[in-house]
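First up is the structure itself, then whatever we jot down about it.
The values are calculated or read from the model by the stated rules, or taken from the named source; none is laboratory data. These numbers were taken from a predicted model, which means no experiment stands behind them. Every residue, glycine among them, receives a Cβ derived from its backbone with ideal geometry; neighbour counts consider all protein chains shown.
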Amino acid sequence: MAGIRGRALHFVFKVADRAKTAHFYRDILGMKVLRHEEFSEGCEASCNGPYANRWSKTMIGYGPEDTHFVVELTYNYGVKSYEKGNDFISMTIRSREVLQRAKEQNWPILPNNILEAPGGYHFKILNEPQPSDSDPVQKVTLACSNLLKSINYWNGLLGLTIFERSDKTVLLGFEERQAKLELLEIDSNIDRGKSFGRIAFSCPYEQQEELDKKVNDHKVKIIHPLTVLETPGKSNVRVLILADPDDHEICFVDDEGFRQLSQVDPEGNKLLDRYIKTDKS
């Protein structure tokens with residue numbers, strides 16, 4: 001199988017307080033709502049976690065999903081908190097402007113320029129001018145229990161390129177200008193708690209079946225087999241959802257369908273505010 005022509009898409013966070021979360025991402029990080037969707041029941045592919053209830057999804061980032069790595073904020077109605085594990089380390093963003101906004105709005109800046117989002121998720125802010133010609137999101141850092149085993153999976157099986165490597169870390173991705181995945185080996189088992197997220201990539205539709213065959217041949221953990229997910233009123237997409245050796249969830253969606261599905265909705269910001277205001281759960 002030739003190398004996958006992958007594209008880094010987004011990372012999923014479960015959030016329990018949409019109002020505080022929206023304030024952090026919009027007013028502190030300076031991201032824009034790209035689209036907002038409401039669902040009456042749980043996702044077939046467990047996009048909202050193991051919950052069968054009403055939920056919502058808000059895509060938010062520094063630019064369109066075609067060209068930027070963004071965040072998916074998943075909100076389950078009625079869930080007031082999520083137990084946090086040690087699986088997610090941080091998301092790194094290059095933006096001096098974020099630090100300026102945090103100071104102006106008295107948002108705590110922790111050591112090493114870490115900002116803590118509602119829910120306890122950490123964002124490492126690089127004190128450099130926010131780029132206007134590229135994505136400010138640099139990488140997502142996840143914990144792993146065995147670096148060599150993780151490298152064999154992400155590089156050897158899935159085909160991500162190794163960009164940097166040290167005794168305890170590896171930086172992986174598909175393209176130089178895309179956001180990267182960093183794996184950091186820690187001296188304990190990985191506990192994903194209840195707040196665990198999911199990282200998403202796209203690849204050409206034609207390559208999904210090759211990838212599906214490869215992971216089945218290697219008998220790795222598959223959370224959701226290669227399946228078409230129907231989205232009423234929007235483009236359908238085909239997904240394959242895997243789990244790495246530490247159970248980090250990975251979604252591969254077909255690039256053609258996802259580019260249609262992920263178009264920016266100019267009403268997204270208003271929709272989010274409307275549902276925050278009317279939420280009585």
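Is it true that some residue in the stretch 102-112 is touching a helix residue (DSSP H, G or I) at 6+ places or on another chain (Cβ under 7 Å), surrounded by fewer than 18 Cβ atoms within 10 Å (Cβ to Cβ) and among the basic types (Lys, Arg)?
Within the stretch 102-112, not a single residue is touching a helix residue (DSSP H, G or I) at 6+ places or on another chain (Cβ under 7 Å), surrounded by fewer than 18 Cβ atoms within 10 Å (Cβ to Cβ) and among the basic types (Lys, Arg).
Kindly provide the set of residues from the stretch 113-129 that are closer than 21 Å to Glu249 by Cβ, surrounded by fewer than 20 Cβ atoms within 10 Å (Cβ to Cβ) and touching a strand residue (DSSP E or B) at 6+ places or on another chain (Cβ under 7 Å), ordered by number.
Selection gives Gly119, His122.
Out of the residues in the stretch 84-101 that are assigned to a loop (DSSP other than H, G, I, E, B) and out of contact with any His (no Cβ under 7 Å at 6 or more places or on another chain), which is surrounded by the most Cβ atoms within 10 Å (Cβ to Cβ)?
Ser95
May I ask you to say which residue of Leu157, Leu184 is under 19 Å from the mean Cα position of the chain (by Cα), modelled with pLDDT of 95 or more, under 30 Å from Asn216 (Cα atoms) and among the hydrophobic types (A, V, I, L, M, F, W, C)?
Matching residue, one of Leu157, Leu184: Leu184.
Quick one: would you say Val33 is assigned to a helix (DSSP H, G or I) and either touching a Gly at 6+ places or on another chain (Cβ under 9 Å) or small (Gly, Ala, Ser) (or both)?
Criteria not met by Val33.
Looking only at strands (runs of 3 or more DSSP E) that lie completely in the stretch 168-208, which have at least 1 residues being surrounded by fewer than 18 Cβ atoms within 10 Å (Cβ to Cβ)?
Output list reads 169-173, 180-185.
Checking the conditions here, which among Lys14, Lys20 is basic (Lys, Arg), surrounded by 20 or more Cβ atoms within 10 Å (Cβ to Cβ) and closer than 16 Å to Pro118 by Cα?
Lys14
Identify all residues within the stretch 57-83 that are outside any strand (DSSP E or B) and farther than 19 Å from Leu29 by Cβ; write none if there are none.
Asp66, Tyr77, Gly78, Val79, Lys80, Ser81, Tyr82, Glu83
A quick yes/no check of all residues on (1) touching a strand residue (DSSP E or B) at 6+ places or on another chain (Cβ under 6 Å); (2) of a type outside the set (Lys, Arg); (3) assigned to a loop (DSSP other than H, G, I, E, B):
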| position | (1), (2), (3) |
| --- | --- |
| Lys214 | no, no, no |
| Val239 | yes, yes, no |
| Phe252 | yes, yes, no |
| Glu256 | no, yes, no |
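Name every residue in the stretch 130-156 that is hydrophobic (A, V, I, L, M, F, W, C) and either touching a strand residue (DSSP E or B) at 6+ places or on another chain (Cβ under 6 Å) or buried (at least 16 other Cβ atoms within 10 Å of the Cβ) (or both), in order of residue number.
Val137, Val140, Leu142, Ala143, Cys144, Leu147, Ile151, Trp154
When you scan the stretch 46-54, do you find a residue that is over 15 Å from Asp273 (Cα atoms) and outside any loop (DSSP other than H, G, I, E, B), even just one?
no
Each row is one residue, and each column tells you yes or no for (1) touching a strand residue (DSSP E or B) at 6+ places or on another chain (Cβ under 6 Å); (2) free of Cβ contacts under 8 Å to residues at least 24 places away in the same chain.
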{"site": "Arg192", "(1), (2)": "no, no"}
{"site": "Asp217", "(1), (2)": "no, yes"}
{"site": "Val220", "(1), (2)": "no, no"}
{"site": "Leu242", "(1), (2)": "yes, no"}
{"site": "His248", "(1), (2)": "yes, no"}
